[in-house]
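Colleague: Okay, handing you the structure first.
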Amino acid sequence: MHDRLGLRTSPPIFFGAAAVIVVFVVTTVAFTSIVDRVFEAASSWLMTNLGWFYVLGVTTFLVFLVGLAVSRFGRVRLGPEEEEPEHSNAAWFAMLFAAGIGTILMFWGVAEPISHFAQPPMQDVEPGSAAAIREAMGFTFYHFGLHTWTIFSLPALAFAYFMYKRNLPPRVSSVFHPILGDRIHGPLGATIDTVAVVGTMFGVAVSVGLGTLQINGGLARLGGIPENRTVQVLLIAVVTAVALVSVAVGLDRGIKRLSNFNIIVAVALLCFVLVTGPTLFLLKGTIESVGHYLQMLPDLAFWNDTINDSGWQNRFTVFYWAWTISWSPFVGIFIARISRGRSIRQFVIGVLAIPVSFSVLWFGIFGWAAFDIERGAPGTLVGPVVEQEDVPGALFVFLENFPWTTAISVVAIGVVIIFFTTSVDSSALVMDMISNGHEERAPTRQRVFWGLCVGVVAATLLGATGEGGLTALQQVIIVVGLPFFALGYFMMYSVLRALKEDAGERPPVRTRRWKRALPPEEAQRRVEEAGGTPEQAALLTKTGTVPMSRPSPQSGGPGGDGGAVRPRATGTGQGQEPARRGTAQHEADGEEE
């Protein structure tokens, strides 16, 4: 079948992943209620019992990456030692942004801050107060700042190292080469890669689903198009078709051009909100929020909602981490491919600092603008977004408070569609790379197949489940994300072990050897026992040796032959040079200096 279809891929991985996807779609459509109950029960159990594991895992990954970057391994280049980066910094950043969390920024830019403003996560401040603003922005930056990009950075670094340093296939199984050896090319490796493809499929499908909900929300406000499953499935079909065009033309002409264009439009939208809104208020608030975020970060990194146990963290933090890590193989391999030639230190700083800085700026501007609207006219945003739970429509409700509402809303929908397109495009490329095990151009039909699968799974999650759209997406992705968190710990071990094997272990630290020192009273006692003087005792304490006269066999008293003798116990004081051998050692006492 593989040959008749004209494919050039690994049959076990390609057909194995395809079979799992087909079974999921057919089962979900045929047994909707049963599938709903299974995912609801599984996600509920995981959130109740393992939510802490998701929270601790991401913080652990962040500490590992920072430690690796500042260590001696930070200078290791992800590729041949002489190779320069393939893409400029500007193009690199644009592709990082568009393929990473572009859709997330558009979907949650207004909804996240205003939700926490109305319902403070820690329940320790008055809703709608100044303290609620500070807490809302701290949690927003926590969810879409360092921790989110840490989830992308860890697998990206691992892929880049094993793909371009050890020249292994662009597959998730390659990361486990230090553990499995050549078994990554056998059934065990194929199983790992099949799971990675399926998990990536669901992660990207959730992102596509969120984008579809937002597009539908925008069209409903602009043109009165109803918000229902039929419309959402049609939107997925249309946008997936557009994405397949980009899939067919490849990375440089497709993803790269769309990314560069979209980042320009997104920045223009950001500037529009900044200029037409209360500019000074937004700038001051954003800078202030950075300080609040850094102040809250140590607590947030380990916070598990233990006291209140309200379930809030499961709906937000656990969902975000599970969703993000489920499509981290796709984003990771994509980032690895565009980051070849950079050092580990450059990679970690770039992937963490640059996109995080933009995310902070984006959420700061949109968040503070939302607070300004809500405080000026209470209920304008909290009513529809929080009380009516119209999260997908939050951005468009927000834009109704700015000039040129219709035109700007159309632009916003266009940005979401392009982010949607680049996500499908990038994921199809990466899933094809995992399946065929190389970066050379493969038959276009393979990438088209994976792009179609993303659209079908997204449509199934939104249109063929009994739960509401966002709830269904959350339940599925929390279950899918668990094995990827476990894989993250193995990734850290593999990267560190590979670096030590390839760069060499650091040699043990060697120090100078010191003689044993005696306290003054003991030195004096021993010298006196040997018939010495106090001056000789002091010399023994400092140098560890002292010339002394031993009684002559003939005379039986001091003096005699005047030979230099050494007391039984010697040592040096700290900071003193070791005494020279031979000048104060009695040959007959048999002691080692």
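The values are calculated or read from the model by the stated rules, or taken from the named source; none is laboratory data. The structure presented is a predicted model; accordingly, all values stated were derived computationally and were not measured. Glycine gets a Cβ as well: all are built from the backbone with ideal geometry, and neighbour counts include every protein chain shown. Ligands, DNA and RNA are stripped out before the accessible areas are found, and what is left, the full protein with its side chains, is counted by its heavy atoms. Shrake-Rupley method; radii C 1.70, N 1.55, O 1.52, S 1.80 Å.
Colleague: For Phe281, indicate whether it is in contact with a helix residue (DSSP H, G or I) (Cβ under 7 Å, 6 or more places away or on another chain) and not in a helix (DSSP H, G or I).
Modeller: Numbers: in contact with a helix residue (DSSP H, G or I) (Cβ under 7 Å, 6 or more places away or on another chain): yes; not in a helix (DSSP H, G or I): no.
So Phe281 fails the test.
Colleague: Which one is nearest to Phe61 (Cα to Cα), of the residues in the range 297-310 that are out of contact with any Pro (no Cβ under 9 Å at 6 or more places or on another chain) and open to solvent by less than 40 Å² (accessible area, probe 1.4 Å)?
Modeller: Ala301
Colleague: For the range 209-222, indicate whether the set of residues that are open to solvent by 10 Å² or more (accessible area, probe 1.4 Å), over 23 Å from Thr422 (Cα atoms) and touching a Ser or Thr at 6+ places or on another chain (Cβ under 6 Å) is non-empty.
Modeller: Looking for residues that are open to solvent by 10 Å² or more (accessible area, probe 1.4 Å), over 23 Å from Thr422 (Cα atoms) and touching a Ser or Thr at 6+ places or on another chain (Cβ under 6 Å), one finds at least one in the range 209-222, hence yes.
Colleague: On to the next question. Touching a residue at least 12 places away in the same chain (Cβ under 8 Å), at negative phi and either among the β-branched types (Val, Ile, Thr) or open to solvent by 10 Å² or more (accessible area, probe 1.4 Å) (or both): which single residue out of Ser115, Ser129 fits that description? Give the steps one after another, and end with the answer.
Modeller: Working: Ser129 fails: touching a residue at least 12 places away in the same chain (Cβ under 8 Å).
Criteria check complete, one pass: Ser115.
Colleague: Select from the range 367-382 the residues that are open to solvent by 10 Å² or more (accessible area, probe 1.4 Å) and either among the charged types (D, E, K, R) or assigned to a helix (DSSP H, G or I) (or both) and list them in ascending order.
Modeller: Within the range 367-382, the first condition is being open to solvent by 10 Å² or more (accessible area, probe 1.4 Å), and the residues that meet it are 368, 372-380, 382.
Across the range 367-382, the qualifying residues are Trp368, Asp372, Ile373, Glu374, Arg375, Gly376, Val382.
Colleague: Looking only at residues that are in a helix (DSSP H, G or I) and open to solvent by 90 Å² or more (accessible area, probe 1.4 Å) in the range 498-522, which one is nearest to Leu180 (Cα to Cα)? Break it down stepwise before answering.
Modeller: Initially, the range 498-522 is screened for residues in a helix (DSSP H, G or I), giving 498-503, 520-522.
Now restrict to residues that are open to solvent by 90 Å² or more (accessible area, probe 1.4 Å): 501, 521.
Working: Glu501: 15, Glu521: 62 Å.
So the residue we want is Glu501.
Colleague: Also: Between a residue in the range 185-204 that is of a type in the set (Asp, Glu) and any residue that is surrounded by 24 or more Cβ atoms within 10 Å (Cβ to Cβ), which pairs come within a Cβ distance under 8 Å, given they are 6 or more apart or on different chains?
Modeller: Asp193/Ile13; Asp193/Arg171; Asp193/Val172; Asp193/Ser173; Asp193/Ile434; Asp193/Ser435
Colleague: List the number of the failed condition for Glu83; all other conditions in (1) farther than 30 Å from Asp309 by Cβ; (2) part of a helix (DSSP H, G or I) hold.
Modeller: Result: Glu83 fails condition (2) only.
Colleague: Give the range 456-486 a look and list any residue that's at pLDDT 80 or above and surrounded by fewer than 23 Cβ atoms within 10 Å (Cβ to Cβ), or say none.
Modeller: Val456, Val479, Leu482, Pro483, Phe485, Ala486
Colleague: Listed residues Phe419, Phe449; which is aromatic (Phe, Trp, Tyr), out of contact with any strand residue (DSSP E or B) (no Cβ under 9 Å at 6 or more places or on another chain) and surrounded by fewer than 24 Cβ atoms within 10 Å (Cβ to Cβ)? Let's see the steps before the verdict.
Modeller: On the way: Phe419 fails: surrounded by fewer than 24 Cβ atoms within 10 Å (Cβ to Cβ).
From the options Phe419, Phe449, the qualifying one is Phe449.
Colleague: Being more than 28 Å from the chain's Cα centre (by Cα) and closer than 25 Å to Trp404 by Cα is the filter here, so list the residues in the range 272-299 that pass it. Can you show your working first?
Modeller: Taking the range 272-299 as the starting set, the residues that turn out to be more than 28 Å from the chain's Cα centre (by Cα) are 272-282, 284.
Correct list: Phe272, Val273, Leu274, Val275, Thr276, Gly277, Pro278, Thr279, Leu280, Phe281, Leu282.
Colleague: If you don't mind, another one. Determine which member of the set Ala132, Ala136 is closer than 28 Å to Val416 by Cα, out of contact with any Leu (no Cβ under 7 Å at 6 or more places or on another chain) and not β-branched (Val, Ile, Thr). If you could, list the steps in order and put the result at the bottom.
Modeller: On the way: Ala132 fails: closer than 28 Å to Val416 by Cα.
After ruling out the rest, the residue left standing is Ala136.
Colleague: May I pose another question? Can you find a residue in the range 76-89 that is small (Gly, Ala, Ser), out of contact with any strand residue (DSSP E or B) (no Cβ under 6 Å at 6 or more places or on another chain), open to solvent by 10 Å² or more (accessible area, probe 1.4 Å) and modelled with pLDDT under 90? Break it down into steps so the answer makes sense when it comes.
Modeller: Initial filter on the range 76-89 (small (Gly, Ala, Ser)): 79, 88.
From the residues that got through so far, the ones that are out of contact with any strand residue (DSSP E or B) (no Cβ under 6 Å at 6 or more places or on another chain) too are 79, 88.
Now narrow it down to the ones that are open to solvent by 10 Å² or more (accessible area, probe 1.4 Å): 88.
When the remaining residues are screened for being modelled with pLDDT under 90, the result is 88.
Yes, the conditions are met somewhere in the range 76-89.
For (1) crowded, with 24+ Cβ neighbours inside 10 Å; (2) over 18 Å from the mean Cα position of the chain (by Cα); (3) under 30 Å from Leu244 (Cβ atoms), each residue gets a yes or a no:
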| residue | (1), (2), (3) |
| --- | --- |
| Gly332 | yes, no, yes |
| Ile365 | no, yes, no |
| Ala394 | yes, yes, yes |
| Val410 | no, yes, yes |
| Ala428 | yes, yes, yes |
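Colleague: Can I ask one more? Among Val247, Val233, which is modelled with pLDDT under 85 and surrounded by 16 or more Cβ atoms within 10 Å (Cβ to Cβ)? Before you say what the answer is, go through the steps one by one.
Modeller: Values: Val233 fails: modelled with pLDDT under 85.
Being modelled with pLDDT under 85 and surrounded by 16 or more Cβ atoms within 10 Å (Cβ to Cβ) holds for just one of Val247, Val233, which is Val247.
Colleague: Out of Val125, Val70, Val110, Val55, I need the residue that is under 30 Å from Glu501 (Cβ atoms) and modelled with pLDDT of 90 or more. Which one? Let's see the steps before the verdict.
Modeller: Numbers: Val125 fails: under 30 Å from Glu501 (Cβ atoms); Val110 fails: under 30 Å from Glu501 (Cβ atoms); Val55 fails: under 30 Å from Glu501 (Cβ atoms).
Every option except Val70 fails the conditions.
Colleague: Could you please find all residues in the range 430-446 being of a type in the set (D, E, K, R), in contact with a Lys or Arg (Cβ under 8 Å, 6 or more places away or on another chain) and open to solvent by 10 Å² or more (accessible area, probe 1.4 Å)?
Modeller: At the first step, the residues of the range 430-446 found to be of a type in the set (D, E, K, R) are 432, 439-441, 445.
Subsequent filtering for residues that are in contact with a Lys or Arg (Cβ under 8 Å, 6 or more places away or on another chain) retains 432, 439.
Listed by number, the list holds a single entry, Glu439.
Colleague: Condition test on Pro178, is it surrounded by fewer than 24 Cβ atoms within 10 Å (Cβ to Cβ) and either at pLDDT below 85 or touching a helix residue (DSSP H, G or I) at 6+ places or on another chain (Cβ under 8 Å) (or both)? Spell out how you get there, then give the answer.
Modeller: On the way: surrounded by fewer than 24 Cβ atoms within 10 Å (Cβ to Cβ): yes; either at pLDDT below 85 or touching a helix residue (DSSP H, G or I) at 6+ places or on another chain (Cβ under 8 Å) (or both): yes.
Yes: the conditions hold for Pro178.
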